[in-house]
Amino acid sequence: MSTMPVAGLHAGHPDHAADLVLRNAKVHTGDPSRPAASAVAIRAGLITAVGDDADVIPQIGPRTRVVDALGRRAVPGLNDAHLHVIRGGLNYVLELRWDGVPTLRQALAMLRVQAERTPPGQWVRVVGGWSADQFAERRLPTLAELNAAAPDTPVFVLHLYQSALLNKAALRAAGFDRDTPDPRGGQIVRGHDGQPTGMLLAAPGALLLYSTLAKAPALDEADKAASTRHFLRELNRFGLTSAIDAAGGFQSFPENYGTVMQLAQAGELTLRIAYHLFPQTAGQELDDLARWVATVRPGDGDEWLRLNGAGENLTWAAADFENFTEPRPELGPYEAGFEQAVRLLMENGWGFRLHASYDETIRRHLAVFEKLAAEGLFPGGNRWLFDHAETVSPASLDRIAALGGGISVQNRMSFQGEAFVNRYGAAAAATAPPVRAMLERGLALSGGTDATRVSSYNPWVALHWLVSGRAVSGRTLYPSGNRLSREEALELYTLGGARLTGEQELKGRLRVGSYADLAVLSADYLTVDEADIPHIESVLTVVGGRIVHSAQEHEGLAPELPAVVPLWSPVARFGGYQATPAPSLTGVRQAELVVEAAAASDEQRDWRQARGQFVPGHGGPAFDDPCFF
């Protein structure tokens, strides 16, 4: 049992007793003043003691829940600093997730089953979190395979920011025919007869892909709330307790934010969310920003839901694209409108984040900031950062540091690394992004996934990328000099995110007075085989002192959610991320473990025999059963 009665243990006054105590854990606190502990006490959503049993026993009362971690590793709750959690929640139960699926054969089998379950009028949609490089077959599905798997049900399959595949039924549902023109920045691939084949290409922008997906039916408001609750629980499954929503296209304020606001008001969020506001209409960006600046301020809200600033676009003209299968986009003149937007935010105390994959874009942005710095607006105390920054140069890093900026990196190269190498070469990929150089300059650095349209929302895939330097294809992208230690990588996903929201005194470390956000892990992140890191999950996730996810020995401690609706939902059939066995527990490693167990058995027999204890077949009492001998 992982919980225990407290009769005979409690020593504290009932009015001051802890609500929850975690003991018998290997606690990585993230606090340099006390980096390790074995027990944590929690009351009213805050940590009240960190230490050993002697430190927490005085706080155990008759109503304290005591959870035995059974020797497992506990870490501060993870904080994804760039996750499209709001948009992801609104659509989660409608999506067939190929996250973690090891073979295309399995992926197509899932699609075939889901097509049979999906009612008329609805689509099967595979929307991000996977790459062809993760499949054993190392390829995309063919259009023929999609049409064979789902001859009558519309199927939309998004592959990174590069392309989308539609079967014939989806082409009809989307209204694409020989007369449909190619939109700006996109291409509808056509056959010799002029009819669309079903392949859509981002050339280089992904607007065609997303506008096509937007034609699929959406959930009603009640189902959006249920979908979001299930998505948050799925994130809790991996130890996430906080996320910063980076907004994005097709996420309008305030209408698309209503669901998380409703859940926050009802006390039903299981993930702390800080959100950004992204102007959606080209040519109207300054008007939107001016209206928001006059209405709300960063920090408005509470510890569960709060505004964090603008971005990740301020003006559409200043946005580059990260489709590494296409050449780097050449942006036209944008500085005048961009400068107005930045000035407005800096003068009104607003922070912001900026999507910028390429150093060419970053340099142009920095020139605008340095012009405003001459007027005293930079560094101005506002939190601002670049997102992605795969090709940022050392000179640009120095300029960012001088202007008081930060950087948030995401593991998009886990999924797009092969495409990057094919276009720019392995030498350029070795520092894309230059994470070690960012840390050496003391930049405020945080980690995220950019889920759900490209990378998976599983943070342990991203942590593995930072530590190992490997893409999901298995290719080693980074030399040892551009990799992080496990502790450094974890800090990007805990304290790093807290710094971006100004909550570093309350989040990211397990110490007295901090939010009671933590995760007990299925395997010890700090010592497990490196290849096993992507397979880690949380067996117990606590947010604000509440157990929001529990599994394995702790099954049943978290409250159950209502069943997934609609009943035909892919999540109801397949769940979310598709877990596979850790490499150390398969194949040759299993045989090695048997050998190690046999050796341990021999040691135990020798130890007992040396002390004159009974060992079967070695001088003990006789048995008739020959199996003993």
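Take the conditions over 20 Å from H535 (Cβ atoms), open to solvent by less than 10 Å² (accessible area, probe 1.4 Å), under 16 Å from the mean Cα position of the chain (by Cα) and modelled with pLDDT of 95 or more and apply them to S408. Does it pass? Even if it seems obvious, please write down each step before you answer.
Working: over 20 Å from H535 (Cβ atoms): yes; open to solvent by less than 10 Å² (accessible area, probe 1.4 Å): yes; under 16 Å from the mean Cα position of the chain (by Cα): yes; modelled with pLDDT of 95 or more: yes.
Against the criterion (over 20 Å from H535 (Cβ atoms), open to solvent by less than 10 Å² (accessible area, probe 1.4 Å), under 16 Å from the mean Cα position of the chain (by Cα) and modelled with pLDDT of 95 or more), S408 qualifies.
Going by the structure shown, is L166 open to solvent by 40 Å² or more (accessible area, probe 1.4 Å), within 16 Å of L200 (Cβ to Cβ) and within 29 Å of the chain's Cα centre (by Cα)?
Values: open to solvent by 40 Å² or more (accessible area, probe 1.4 Å): no; within 16 Å of L200 (Cβ to Cβ): yes; within 29 Å of the chain's Cα centre (by Cα): yes.
No; evaluated as a whole, the condition is false for this residue.
Quick one: is E322 assigned to a loop (DSSP other than H, G, I, E, B), buried (at least 20 other Cβ atoms within 10 Å of the Cβ) and touching a Ser or Thr at 6+ places or on another chain (Cβ under 7 Å)?
Values: assigned to a loop (DSSP other than H, G, I, E, B): yes; buried (at least 20 other Cβ atoms within 10 Å of the Cβ): yes; touching a Ser or Thr at 6+ places or on another chain (Cβ under 7 Å): yes.
Criteria met by E322.
Here is a list: G513, G544, G556, G496. Which entry is touching a strand residue (DSSP E or B) at 6+ places or on another chain (Cβ under 7 Å), open to solvent by less than 10 Å² (accessible area, probe 1.4 Å) and modelled with pLDDT of 95 or more? Steps first, please.
On the way: G513 fails: open to solvent by less than 10 Å² (accessible area, probe 1.4 Å); G544 fails: open to solvent by less than 10 Å² (accessible area, probe 1.4 Å); G556 fails: open to solvent by less than 10 Å² (accessible area, probe 1.4 Å).
G496 is the lone residue from the list that is touching a strand residue (DSSP E or B) at 6+ places or on another chain (Cβ under 7 Å), open to solvent by less than 10 Å² (accessible area, probe 1.4 Å) and modelled with pLDDT of 95 or more.
Please count how many residues of the range 562-582 are under 21 Å from P459 (Cβ atoms) and either part of a helix (DSSP H, G or I) or over 21 Å from the mean Cα position of the chain (by Cα) (or both). Lay out the reasoning, then the answer.
If we filter the range 562-582 for residues that are under 21 Å from P459 (Cβ atoms), which is where we start, we get 571, 574-582.
Checking which are either part of a helix (DSSP H, G or I) or over 21 Å from the mean Cα position of the chain (by Cα) (or both) leaves us with 571, 574.
Number satisfying all stated conditions: 2.
Can you tell me how many residues within the range 136-147 are touching a Ser or Thr at 6+ places or on another chain (Cβ under 9 Å) and surrounded by fewer than 15 Cβ atoms within 10 Å (Cβ to Cβ)? Quick ask: steps written out before the conclusion?
Taking the range 136-147 first, the residues touching a Ser or Thr at 6+ places or on another chain (Cβ under 9 Å) are 136-138, 140, 143.
Next, from what is left, pick out any that are surrounded by fewer than 15 Cβ atoms within 10 Å (Cβ to Cβ): 136-138.
Looking only at that region, the number is 3.
Step by step: first the residues of the range 293-309, then only those that are in contact (Cβ under 8 Å) with a residue 40 or more places away in the chain and of a type in the set (A, V, I, L, M, F, W, C), then the one that is most open to solvent (accessible area, probe 1.4 Å). Which residue is that?
Within the range 293-309, the subset in contact (Cβ under 8 Å) with a residue 40 or more places away in the chain is 293, 297-299, 303-306, 308-309.
Subset that is of a type in the set (A, V, I, L, M, F, W, C): 293, 304-305.
Working: V293: 22, W304: 51, L305: 21 Å².
So the residue we want is W304.
Would you pick out the residues in the range 118-151 that are assigned to a helix (DSSP H, G or I), more than 24 Å from R470 (Cβ to Cβ) and not hydrophobic (A, V, I, L, M, F, W, C)? Reasoning before the result, please.
Narrowing the range 118-151 to residues assigned to a helix (DSSP H, G or I): 132-134, 143-149.
Checking the rest, the ones that are also more than 24 Å from R470 (Cβ to Cβ) come to 143-149.
Of everything in the range 118-151, those that are assigned to a helix (DSSP H, G or I), more than 24 Å from R470 (Cβ to Cβ) and not hydrophobic (A, V, I, L, M, F, W, C) turn out to be E145, N147.
Select from the range 340-354 the residues that are open to solvent by 20 Å² or more (accessible area, probe 1.4 Å) and on the phi < 0 side of the Ramachandran plot and list them in ascending order.
Taking the range 340-354 as the starting set, the residues that turn out to be open to solvent by 20 Å² or more (accessible area, probe 1.4 Å) are 340, 343-344, 347-349.
Within the range 340-354, Q340, R343, L344, E347, N348 meet the criteria.
Taking the range 23-37 on its own, how many of its residues are in a strand (DSSP E or B), open to solvent by 10 Å² or more (accessible area, probe 1.4 Å) and touching a residue at least 12 places away in the same chain (Cβ under 8 Å)? Break it down stepwise before answering.
Here is the first cut: in the range 23-37, the ones in a strand (DSSP E or B) are 23, 26-28, 36-37.
Pick out the ones that are also open to solvent by 10 Å² or more (accessible area, probe 1.4 Å) and you get 23, 26, 28, 36-37.
From what's left, touching a residue at least 12 places away in the same chain (Cβ under 8 Å): 23, 26, 28, 37.
Total meeting the criteria: 4.
Do we find that D133 is open to solvent by 30 Å² or more (accessible area, probe 1.4 Å) and within 20 Å of the chain's Cα centre (by Cα) in this structure?
On the way: open to solvent by 30 Å² or more (accessible area, probe 1.4 Å): yes; within 20 Å of the chain's Cα centre (by Cα): yes.
Answer is yes for this residue.
Considering only the range 90-103, I want to know if a residue exists there that is open to solvent by 10 Å² or more (accessible area, probe 1.4 Å), free of Cβ contacts under 8 Å to residues at least 40 places away in the same chain and not hydrophobic (A, V, I, L, M, F, W, C).
yes
Can you find a residue that is in contact with a Lys or Arg (Cβ under 9 Å, 6 or more places away or on another chain), hydrophobic (A, V, I, L, M, F, W, C) and surrounded by fewer than 22 Cβ atoms within 10 Å (Cβ to Cβ) anywhere in the range 72-85?
No, there is no match, as no residue in the range 72-85 is in contact with a Lys or Arg (Cβ under 9 Å, 6 or more places away or on another chain), hydrophobic (A, V, I, L, M, F, W, C) and surrounded by fewer than 22 Cβ atoms within 10 Å (Cβ to Cβ).
Across the range 267-286, what is the number of residues that are over 21 Å from the mean Cα position of the chain (by Cα), open to solvent by less than 60 Å² (accessible area, probe 1.4 Å) and at negative phi? Explain how you work it out, then say what you get.
In the first step, residues of the range 267-286 are kept if they are over 21 Å from the mean Cα position of the chain (by Cα); the result is 267, 279-286.
Narrowing further to those that are open to solvent by less than 60 Å² (accessible area, probe 1.4 Å): 267, 279-280, 285-286.
Subset that is at negative phi: 279-280, 285-286.
Count: 4.
Among A214, A226, which is the only one that is out of contact with any Leu (no Cβ under 6 Å at 6 or more places or on another chain) and surrounded by 15 or more Cβ atoms within 10 Å (Cβ to Cβ)?
Values: A214 fails: surrounded by 15 or more Cβ atoms within 10 Å (Cβ to Cβ).
Selected residue: A226, the only one of A214, A226 that is out of contact with any Leu (no Cβ under 6 Å at 6 or more places or on another chain) and surrounded by 15 or more Cβ atoms within 10 Å (Cβ to Cβ).
Which of the following residues is over 22 Å from S468 (Cα atoms) and in a helix (DSSP H, G or I): A531, A498? I'd like the intermediate steps shown before the answer.
Numbers: A531 fails: over 22 Å from S468 (Cα atoms).
Every option except A498 fails the conditions.
How about the range 197-210: which of its residues are open to solvent by 20 Å² or more (accessible area, probe 1.4 Å) and modelled with pLDDT of 95 or more? First the steps, then the outcome.
At the first step, the residues of the range 197-210 found to be open to solvent by 20 Å² or more (accessible area, probe 1.4 Å) are 197, 199, 201, 203-204, 207, 210.
Passing the criteria: T197, M199, L201.
Looking at the range 468-495 only, could you name the residues that are farther than 30 Å from L307 by Cβ and either among the aliphatic types (A, V, I, L, M) or part of a helix (DSSP H, G or I) (or both)?
Of the residues in the range 468-495, the ones farther than 30 Å from L307 by Cβ are 468-487.
S468, A471, V472, L477, S480, G481, N482, L484, R486, E487 - these are the residues of the range 468-495 that are farther than 30 Å from L307 by Cβ and either among the aliphatic types (A, V, I, L, M) or part of a helix (DSSP H, G or I) (or both).
Quick check on my filter: what residues within the range 231-264 are under 24 Å from A498 (Cβ atoms) and without any contact (Cβ under 8 Å) to a residue 60 or more places away in the chain?
Applying the first criterion (under 24 Å from A498 (Cβ atoms)) to the range 231-264 yields 231-248, 251, 253, 257, 260-261, 263-264.
Those that are under 24 Å from A498 (Cβ atoms) and without any contact (Cβ under 8 Å) to a residue 60 or more places away in the chain: F253, M261, L263, A264.
Of the residues V93, V157, V50, V126, which single one is within 28 Å of V528 (Cβ to Cβ) and either among the acidic types (D, E) or touching a helix residue (DSSP H, G or I) at 6+ places or on another chain (Cβ under 9 Å) (or both)?
Working: V93 fails: within 28 Å of V528 (Cβ to Cβ); V157 fails: within 28 Å of V528 (Cβ to Cβ); V126 fails: within 28 Å of V528 (Cβ to Cβ).
Among V93, V157, V50, V126, only V50 is within 28 Å of V528 (Cβ to Cβ) and either among the acidic types (D, E) or touching a helix residue (DSSP H, G or I) at 6+ places or on another chain (Cβ under 9 Å) (or both).
The values are calculated or read from the model by the stated rules, or taken from the named source; none is laboratory data. Just so it is clear, the structure is predicted and the values come from calculations on it, not from any experiment. Cβ coordinates were reconstructed from backbone atoms using ideal geometry, including for glycine residues, and neighbour counts include every protein chain displayed. Side chains included, ligands, DNA and RNA excluded: accessible areas come from the protein's heavy atoms. Shrake-Rupley method; radii C 1.70, N 1.55, O 1.52, S 1.80 Å.
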